[in-house]
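Take a look at the structure below.
The values are calculated or read from the model by the stated rules, or taken from the named source; none is laboratory data. All values reported here derive from a predicted model rather than from experimental measurement. So basically every Cβ, Gly included, is an ideal-geometry build from the backbone, and we count neighbours across all protein chains shown.
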């Protein structure tokens, strides 16, 4: 069932023990939206915890490091920024049929939850901001930092085409709450861990250009993670960089999973549609950012991707 923000807030108010779920390999929007909602509900004397299959990347631990959660049996389980239940991680089956609410901004959402608050927004954190206001909770500096991290991450620090005037107004409101936006921007967009730098060097050597250099493909293997010491959640900057090469309309990152399958992240520049490309391979997402998963060899994975991308490029001419 699809619900709006008022109904979503009402459901939250009706429960005292609430579990919040994030997707695997959480990014800034997942962490920001989940922890902002956690902190807001805690102000209402709810007992809350945030669960995720993977630990957050190092540059987001300024949000999570001081937070300790209680163990309890949840009355309500809420997923934020999760388009498909399988994105919760390898243990996703533990939650099958048990997710009461979902807050999401991906139009490819599979409506796996009992009730879903879905809008086509730049970031899930924008929606959390509105839910918190609906709850009547005053946004303090910590909550404001979480929301700012979320909206800035999913818009590439307000550079991506999904950035709207609402996004900028929310960011400005968070700055008015006293956050150190400069410090957050530096941590999120201008600082690289040593392990990521090692991984980035290895990944750059895999670059392939196809279709008159309009398509760029990077590959990340398990050996690269082992050699660099980087976490999977540190890969997001590589995904963003795939479409930043001059003349590239489609940027792809193929990431080998622990079980040998491949996670595919696609980023496009106009007029290409990343969601349309990934939907032909069983995935989905946004117009300029989407993903899918393929169970095949690396060569077969690349062949399937190149076929769909080639068709998309031909249609765009």
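In table form, for the structure just shown:
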read-out: Qualifying residue in region 123-130 (condition: touching a helix residue (DSSP H, G or I) at 6+ places or on another chain (Cβ under 8 Å), surrounded by fewer than 23 Cβ atoms within 10 Å (Cβ to Cβ) and either modelled with pLDDT of 95 or more or not in a helix (DSSP H, G or I) (or both)); value: yes
read-out: Selection count, region 95-110, where residues are in a strand (DSSP E or B) and without any contact (Cβ under 8 Å) to a residue 12 or more places away in the chain; value: 0
read-out: Among the candidates 142, 95, residue that is under 18 Å from residue 24 (Cβ atoms) and surrounded by fewer than 22 Cβ atoms within 10 Å (Cβ to Cβ); value: 95
read-out: Residues (out of contact with any helix residue (DSSP H, G or I) (no Cβ under 7 Å at 6 or more places or on another chain) and part of a loop (DSSP other than H, G, I, E, B)) located in region 131-161; value: 136, 138, 140, 159, 160, 161
read-out: Number of the exception - residue 83 against (1) more than 21 Å from residue 38 (Cα to Cα); (2) crowded, with 22+ Cβ neighbours inside 10 Å; value: (1)
read-out: Scan of region 218-250 for residues that are buried (at least 21 other Cβ atoms within 10 Å of the Cβ), within 20 Å of residue 297 (Cβ to Cβ) and touching a residue at least 60 places away in the same chain (Cβ under 8 Å), ordered by number; value: none
read-out: Number of positions in region 38-58 that are closer than 22 Å to residue 73 by Cα, crowded, with 21+ Cβ neighbours inside 10 Å and under 16 Å from the mean Cα position of the chain (by Cα); value: 1
read-out: Residues of region 70-80 classified as more than 14 Å from the chain's Cα centre (by Cα) and surrounded by 23 or more Cβ atoms within 10 Å (Cβ to Cβ), total; value: 1
read-out: Exclusive hit being in a loop (DSSP other than H, G, I, E, B), on the phi < 0 side of the Ramachandran plot, modelled with pLDDT under 95 and touching a strand residue (DSSP E or B) at 6+ places or on another chain (Cβ under 8 Å), set 83, 113; value: 83
read-out: Residue check, residue 198 over 25 Å from residue 133 (Cβ atoms), assigned to a helix (DSSP H, G or I) and more than 20 Å from the chain's Cα centre (by Cα); value: yes
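Rundown of residues vs (1) out of contact with any helix residue (DSSP H, G or I) (no Cβ under 8 Å at 6 or more places or on another chain); (2) modelled with pLDDT of 95 or more; (3) outside any helix (DSSP H, G or I); (4) under 21 Å from residue 83 (Cβ atoms), yes/no style:
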{"residue": "240", "(1), (2), (3), (4)": "yes, no, no, yes"}
{"residue": "243", "(1), (2), (3), (4)": "yes, no, yes, yes"}
{"residue": "275", "(1), (2), (3), (4)": "yes, no, no, yes"}
{"residue": "281", "(1), (2), (3), (4)": "no, no, yes, yes"}
